[in-house]
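Inspection log for the structure reproduced underneath, given as structure tokens.
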Amino acid sequence: MKFVRSATLGLLATTALMGAAVAQQAETLTVGVMVNLSGPAAVLGEQARDGFLLAVEEMGGTLGGVATDVKIVDDELKPDVAVNKAKELVERDGADFVVGPIFSNIAGAIAKPVTDAGAFLISPNAGPSNLAGAECNPNFFAVSYQNDQNHEVLGKYAQDQGFGRVFLLAPNYQAGKDALAGFKNSYEGEVVNEIYTPLGQLDFSAELAQIAAEQPDAVYAFMPGGMGVNLVKQYRQAGLETIPFLSAFTVDETTLPATQDAAVGFFGGSNWAPNMDNPQSKAFVAAYEAKYGTVPGSYAMHGYDAALLIDSAVKAVGGDLADKDALRAALAAADFTSLRGDFAFGPNHFPIQDFYLVTAAKREDGKFETQIAETIFEDYADNYAASCQMN
């Protein structure tokens with residue numbers, strides 16, 4: 001999607017004000033948005049894409065005052081496909097930034113080709129532990145979180161509630177492993193079972209039978225996208241709702257339109273919710289719902305914030321995209337007003353931020369959303385930053 005900037009008079013005025021610095025300003029900024037846009041988890045990528053595009057549109061098709069060419073790419077949730085498309089973005093299209101991906105296995109595949117080419121990779125969701133720790137990268141920034149953190153919210157909540165026996169469930173890939181590790185970082189009780197299912201599994205009858213047999217004090221699940229929709233519906237159908245259902249990325253704005261009443265009252269963990277009480281968040285939710293007709297989730301919020309981050313950095317360097325060191329420093333400064341409120345990058349380029357227990361609710365207008373129930377962590381940094389030696 002190309003945003004055309006017609007601003008000859010504005011450019012002349014800017015030249016008068018900024019002098020020689022404008023001579024270095026790029027004529028066009030190219031951003032590749034690489035997210036999954038096909039298959040059961042497509043809604044996650046669609047929200048990140050739409051949040052990013054909404055921000056660029058609101059800024060008149062520019063980021064940092066530079067006309068912006070946004071190229072949308074579907075990574076198809078296939079690492080080999082993603083690598084080829086990432087190389088095309090940075091080598092053929094000359095992308096200055098790549099915003100993506102959603103899934104951590106894709107992040108692991110594309111981080112090197114994108115950053116080795118001199119571009120910046122801005123993650124609107126994926127936050128694998130290796131990129132937060134020992135394999136941190138000066139050209140990688142996550143505007144979301146480290147994968148463990150939302151799961152730590154529910155581990156802490158389960159611990160505080162005195163749930164002595166918990167059943168854990170996640171798909172068998174890096175983010176799934178990080179999810180359950182995150183939960184156990186904050187939970188000291190007994191894990192009665194820990195099951196990893198194939199990525200993309202949609203029938204959970206066997207796992208639900210095991211839960212019924214074990215009768216744990218609570219269930220903790222990480223099942224994003226279509227996996228989460230089916231799990232929540234099947235959980236209710238199996239009559240297991242008397243066992244508290246705790247999750248992250250399972251009961252949220254990407255799944256609630258499908259699960260609806262089946263998810264109401266189920267808990268999640270997040271760094272944001274649509275009822276966040278600040279002016280910028282309220283304006284974003286209203287604009288997003290008006291444009292797309294759906295309630296935005298954290299994926300959309302992070303996509304929007306990714307655009308604000310890039311805008312702030314390009315503006316700080318006066319549009320000089322060739323000065324990578326200055327651009328990197330400007331990104332690290334994070335001089336923008338996040339939709340979530342307080343936001344700063346830690347030394348590993350992952351955020352320091354608040355995290356909340358959220359619960360699924362039905363609004364008066366009939367739409368479903370998550371709502372903040374209580375604050376679990378304040379100004380929380382991830383557990384891997386100490387292992388990051390940024391080169």
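The values are calculated or read from the model by the stated rules, or taken from the named source; none is laboratory data. Just so we're clear, the structure is a prediction, and the values are computed from it rather than from any experiment. Cβ atoms come from the backbone with ideal geometry, glycine included; neighbour counts cover every protein chain shown. Keep in mind that these areas ignore ligands, DNA and RNA; they rest on the heavy atoms of the full protein, side chains included. Shrake-Rupley method; radii C 1.70, N 1.55, O 1.52, S 1.80 Å.
Annotations
- MRE, 222 nm, helices only [DSSP H, n ≥ 4, -39500 (n - 2.57), over the chain, to nearest 500]: -11500 deg cm²/dmol
- Rolling a 1.4 Å probe over the protein heavy atoms leaves M59 with an accessible area of roughly 50 Å².
- Pairwise inverse Cα distances across the stretch 178-234, averaged and inverted, put the Kirkwood hydrodynamic radius at 12.4 Å.
- Axis angle, to the nearest 10 degrees, between helix 8-18 and the longest C-alpha principal axis of the chain: 80 degrees.
- Helix 226-237 vs. the chain, principal-axis angle (Cα, 0 to 90°, nearest 10): 20 degrees
- Calculated on C-alpha atoms, the gyration radius of the stretch 295-391 divided by its Kirkwood radius gives an Rg/Rh of 1.06.
- 14 Å beta-carbon shell around S186, net charge (K/R +1, D/E -1): -4
- Ligands, DNA and RNA left out, the accessible area of the chain computed with a 1.4 Å probe is 49% carbon and sulfur.
- The stretch 148-270: translational diffusion in µm²/s, Stokes-Einstein, Kirkwood Rh over Cα pairs, 37 °C, 0.692 mPa s: 237 µm²/s
- In the chain, the longest principal axis of the Cα atoms and the axis of helix 42-58 are about 30 degrees apart.
- For the stretch 205-321, the Kirkwood hydrodynamic radius from C-alpha pairs, put into Stokes-Einstein at 4 °C and a viscosity of 1.567 mPa s, yields a diffusion coefficient of 80 µm² per second.
- Looking at the chain, the DSSP beta bridges with both ends there are about 35 percent antiparallel.
- Under 11 Å, Cβ to Cβ, from F350 - net charge with Lys/Arg +1 and Asp/Glu -1: -2
- Å² per residue, accessible surface of the stretch 148-270 at 1.4 Å: 34 Å²
- Between the stretch 199-226 and the stretch 124-187, the alpha-carbon centres lie 18 Å apart.
- Taking a Cβ cut-off of under 15 Å around F140, the surrounding Lys, Arg, Asp and Glu residues balance to a net charge of -1, with basic ones at +1 and acidic ones at -1.
- Rel. contact order, % - alpha carbon contacts under 8 angstrom, at least six apart, the chain: 19 percent
- Mean Cβ neighbour count within 10 Å, used as a protection proxy, ranking 203-209, 379-385 highest first: 379-385, 203-209
- Semi-axis lengths, largest first, of the ellipsoid equivalent to the chain are 37, 21, 19 Å, with √(5λ) applied to each eigenvalue of the Cα gyration tensor.
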